[in-house]
Amino acid sequence: MKTFLKQAFVVSGAALNIVGHGCAHGYPAVLFAQLIRDGGPVTLTDHDTSWIASSVGLMGIVGNFISPVFMSKLGRQKSHFISTIPALLGWIIFIFGNTVPMFLLARFLHGLALGLRTPLAAILVAEYTEPRYRGAFLGTFAISLGLGILLSHIWGAYLSWKNTAIVCSMFPIISMVIISLSPESPYWLVSKSRFEEAKKAFKWVRGDGEQQNEELEKMIQTQERELNENGNGKEIYRSFSITRYALNSFKSIMKIFKKKEFFKPSIVAICMLIVFEFGGAHMLAAYGNVILQAVLNKENLTDVTWQFTVIDFLRTICAFLAIFLLKNFKRRTILFTSGVMTVLSLTTISVFMYARNSGYMNQAWLVDVLPMVLMITYTFSFCIGIVPLNWVICGEVFPLAYRSLGSTLSTSFLTPAFVISMKTAPHLYSSIGVEGAFLVYSATLTFCLSVMYVLLPETKDRTLIEIENTFKGISTSDKEVQLSLLEKKVSSV
């Protein structure tokens, strides 16, 4: 219990950081509504609001590519602390700023903080927590993000937009305190061959039992074996960290990308992010009323208010239920059950709408009841598995040596996928209808899920070293042979 509480303490820093980012996602609705309703120091045009809303994504990409350099050079703890600084500065600017340029600067800082945190958060949980708790801790991220959005909207209903910013700024401050009191990641310390420090950090956060000591020894032996087999491994990565951004070291890049333990997890993570976005993670929140209007065949958006509330409430319930599922069921079972149900429900909704529009379904009770049942089924199927597993899989699959790099590479696809899905959705709805768009999304999900079915190993209750060896194609007997050869090599020296 003591080690669990220590792990929960460390993870709470990341969770509170994500709650703060959820507040940043929900804050523009508060800002725009109050400035338009009450007037204020500035009058916003549509051009202004669109830039203020979208600027987070632009700086998020920048943060995605800066984050691996910080994680590799400075460590997980310092990188996590740094990610909270622009978030806090953004809230301070909202508190004192009264012009559109200041609002944009604040949003750019929030986007930078989001970009720095996105590759880092899942890695933190994966490296600090035990395999049996990892899924549950990672599953709290979806709850944290949704909670932040909800809280910002609730506070904005009773407080001014400046006072709302003051309250929201508490999250990065509290996160800073928790991060300062947390140790450095033992995995990062091992990757830097700082074994004594790694042992102290590992025992603080994971305990001193036989199983924990065995995992620690395997981690150290794996790092020593990597150093013996590829003495310049760290130099390659350091070179990559610098030259990747300068685009002048193609040889180093290709050497890393050809490794099975790197490109396979990268493909899995990218496919997971595409499934997450095109399955409706953000589209349902932004265009849910438009989707419901088409599916339920209503005349006005106001006619689906209570149905939209039901969908939002169901998403929150699923976020809590997902923690139980991640704790008790295998990752592949949850992912592919959720994925198949999501594809089938999207396809069924599409077929139903085509049939109704063609006049094949005229029964009043069927037309009124069935579409809402199908939307509830779709929302439940998607939110119960795919949404929480997006965080889990991206945090578990990458090997120790390239974890920060791989996580950044995969999560850098999140913003483009977000932009593409959000920008194309209205055009798809107007050109081929919601029913046609759902078929496109079903096909996209089917392809990506098929790729993951082939490449993704089971990761539940397995150490990160065991997951890495699976991608390398090393079985248990192979590992024992390699360790024996390594011991002989060391003894001969």
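The values are calculated or read from the model by the stated rules, or taken from the named source; none is laboratory data. All values reported here derive from a predicted model rather than from experimental measurement. Every residue, glycine among them, receives a Cβ derived from its backbone with ideal geometry; neighbour counts consider all protein chains shown. The accessibility values were calculated without ligands, DNA or RNA, using every heavy atom of the protein model including side chains. Shrake-Rupley method; radii C 1.70, N 1.55, O 1.52, S 1.80 Å.
Rounded, prolate or oblate: which fits region 1-182 when a ≥ b ≥ c are the square roots of the eigenvalues of the alpha-carbon gyration tensor, with rounded for a/c under 1.5 and prolate only if a/b beats b/c?
Working: a/c = 2.39, a/b = 1.77, b/c = 1.35.
The shape class here is prolate.
Which entries in the list K2/K203; K199/K330; K255/K472; K73/K199; K264/K472; K192/K258 go over 18 Å, if you measure between the two C-alpha atoms of each? Can you show the working numbers first?
Numbers: K2/K203 12 Å; K199/K330 30 Å; K255/K472 15 Å; K73/K199 20 Å; K264/K472 9 Å; K192/K258 23 Å.
In this structure, K199/K330; K73/K199; K192/K258 lie more than 18 Å apart at Cα.
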In Å², and per residue, what accessible area does region 1-182 have when probed at 1.4 Å with the other protein chains present? 38 Å²
Can you tell me the Rg and the Dmax, both Å, for the Cα atoms in region 259-492? 21.2, 83
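Classify region 344-401: rounded, prolate or oblate, from the alpha-carbon gyration tensor (a ≥ b ≥ c, eigenvalue square roots; a/c under 1.5 rounded; otherwise prolate if a/b is larger than b/c)?
Numbers: a/c = 8.34, a/b = 3.35, b/c = 2.49.
Taking the square roots of the gyration eigenvalues as a ≥ b ≥ c, region 344-401 is prolate.
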The extension gain from K73 to V351, computed as 0.36 nm times the residue separation minus the Cα-Cα distance, is 94.8 nm
Taking a probe of 1.4 angstrom, what is the accessible area of H47 in Å², to the nearest 10? 120 Å²
If amide H atoms are modeled at 1.01 Å from N in the peptide plane, then the residues at a separation of 5 or more from T459, or on another chain, having amide H under 5 Å from its own are R331, R332
Sort out for me the Cα centre separation of region 178-205 from region 325-390, rounded to whole Å. 44 Å
Suppose a student asked you for the relative contact order of region 91-174, using Cα pairs under 8 Å spaced at least 6 residues apart; what percent would you report? 45 percent
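Kindly state, to the nearest 0.05, the FRET efficiency for D368 paired with L159, given R0 = 41 Å and r defined as their beta-carbon distance. Before the final figure, lay out the partial values.
On the way: r = 40 Å, r/R0 = 0.98.
Calculated transfer efficiency: 0.55.
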Where the centre of each part is set by its Cα atoms, how far does region 104-133 sit from region 4-45, in angstrom? 15 Å
For region 259-492, what relative contact order do you get, as a whole percent, if you take Cα pairs closer than 8 Å and at least 6 residues apart? 39 percent
Let me have the relative contact order for the chain, percent, based on Cα pairs under 8 Å that are six or more residues apart. 22 percent
Taking only DSSP H segments of four or more residues, each worth -39500 (n - 2.57), what value at 222 nm results for the chain once the sum is divided by all its residues, to the nearest 500 deg cm²/dmol? -28000 deg cm²/dmol
So which cysteines of the chain have no other cysteine's Cβ under 4.7 Å from theirs? C394
Non-local residues with an amide H under 5 Å from the amide H of G280, with H modelled 1.01 Å from N and Pro and chain starts lacking one, are none
Once you list every other residue whose beta carbon is under 12 Å from the beta carbon of P86, what net charge do they have if Lys and Arg are +1 and Asp and Glu are -1? +2
Can you put R107, R132, R194, R332 in order of accessible area, largest first, using a 1.4 Å probe? R132, R194, R332, R107
I'd like the accessible area for W51: 1.4 Å probe, protein heavy atoms, all chains in place, Å² to the nearest 10. 110 Å²
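Expressed as a whole percentage, what fraction of the accessible surface of the chain belongs to carbon and sulfur atoms when a 1.4 Å probe is rolled over the protein heavy atoms? Mind showing how you got there, number by number?
Numbers: 14200 of 21330 Å².
Its accessible area is 67 percent carbon and sulfur atoms.
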What FRET efficiency do you get for E196 and T309 if R0 is 51 Å and r is their Cβ-Cβ distance, rounded to the nearest 0.05? 0.40
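Quote to one decimal, in nm, the extra length available between K330 and V290 on full extension: 0.36 nm per residue of separation minus the C-alpha distance between them.
Details: separation 40, 0.36 × 40 = 14.40 nm, distance 3.52 nm.
My answer for the length gained is 10.9 nm.
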